[in-house]
Amino acid sequence: MTIGQKLAPFLQAKDIILLDGDLGAGKTTFTKGLALGLGIKRNVKSPTFTIIREYQEGRLPLYHMDVYRLEEGGGDELGLDEYFNGDGVSVVEWSQFVESELPEDYLRIAFHRQDETGEEQRKMTFLPKGKRFETIVKKLEAQLNDK
């Protein structure tokens, strides 16, 4: 959750964060941290059955999407463009199912479970696409390495 909180100050309207990883890998937990970092106090829940949850009360609106159920298509019918080009930050879980709807620039975060030690640990890999997100990742890494 902490990394999501630390990422939030770097974000602005129209930023898109893609979260990829298996069930239970930490995508929604990350989004909860991001929401806290944006000043959203309301409890963030997985949007699995509603597909999109909107949180308006922070520094920026947060649009949390779980598009897993769109495996057979249908992303174009959701009006994702309106969210992506809107006034908030869009977080998309299972983004591979709406790949054709994505803009050129975004930050993809891959979550990997590492349970070899008997403890549930997660590894996150940041894959920025576009100069803005490359800069954000460098700033975030510098901040995390200062600890």
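Confirm whether G130 is modelled with pLDDT of 95 or more and more than 14 Å from the chain's Cα centre (by Cα). Outline the logic, then answer.
Details: modelled with pLDDT of 95 or more: yes; more than 14 Å from the chain's Cα centre (by Cα): yes.
Yes: the conditions hold for G130.
Pairs linking a residue in segment 120-147 that is touching a residue at least 12 places away in the same chain (Cβ under 8 Å) and over 11 Å from R108 (Cα atoms) to a residue that is of a type in the set (A, V, I, L, M) and open to solvent by less than 100 Å² (accessible area, probe 1.4 Å), with Cβ atoms under 7 Å and 6 or more positions apart or on different chains, are R122/A25; I136/L107; L140/L7. Of all residues in segment 89-104 being open to solvent by less than 80 Å² (accessible area, probe 1.4 Å) and more than 12 Å from the chain's Cα centre (by Cα), which is modelled with the lowest pLDDT? Looking at the filtered set, the residue picked out is F97.
State the number of residues belonging to segment 5-29 that are assigned to a helix (DSSP H, G or I) and more than 21 Å from Q96 (Cβ to Cβ).
Looking only at that region, the number is 6.
In segment 78-92, the residues that are in contact (Cβ under 8 Å) with a residue 12 or more places away in the chain form Cβ pairs under 7 Å with partners that are part of a helix (DSSP H, G or I), at six or more places apart or across chains, as follows: L80/V98; L80/E101; S90/Y83; S90/F84; V91/T31; V91/L34; V92/V98. Against the conditions (1) part of a loop (DSSP other than H, G, I, E, B); (2) open to solvent by 10 Å² or more (accessible area, probe 1.4 Å); (3) at pLDDT below 85; (4) not β-branched (V, I, T), G58 satisfies every one except (3). Residue count for segment 1-25, restricted to those that are hydroxyl-bearing (S, T, Y) and either touching a Phe, Trp or Tyr at 6+ places or on another chain (Cβ under 7 Å) or under 17 Å from L127 (Cα atoms) (or both): 0. For segment 68-88, which positions are open to solvent by less than 20 Å² (accessible area, probe 1.4 Å), within 20 Å of K129 (Cα to Cα) and modelled with pLDDT under 90? Hit for segment 68-88 is L80, nothing else.
The values are calculated or read from the model by the stated rules, or taken from the named source; none is laboratory data. Given the structure is predicted, the values throughout are model-derived calculations rather than measurements. Methodologically, a virtual Cβ is constructed for each residue, glycine included, from the backbone with ideal geometry; neighbour enumeration extends over all protein chains shown. For the accessible areas, the whole protein counts, side chains as well, though only heavy atoms, and no ligand, DNA or RNA atoms are used. Shrake-Rupley method; radii C 1.70, N 1.55, O 1.52, S 1.80 Å.
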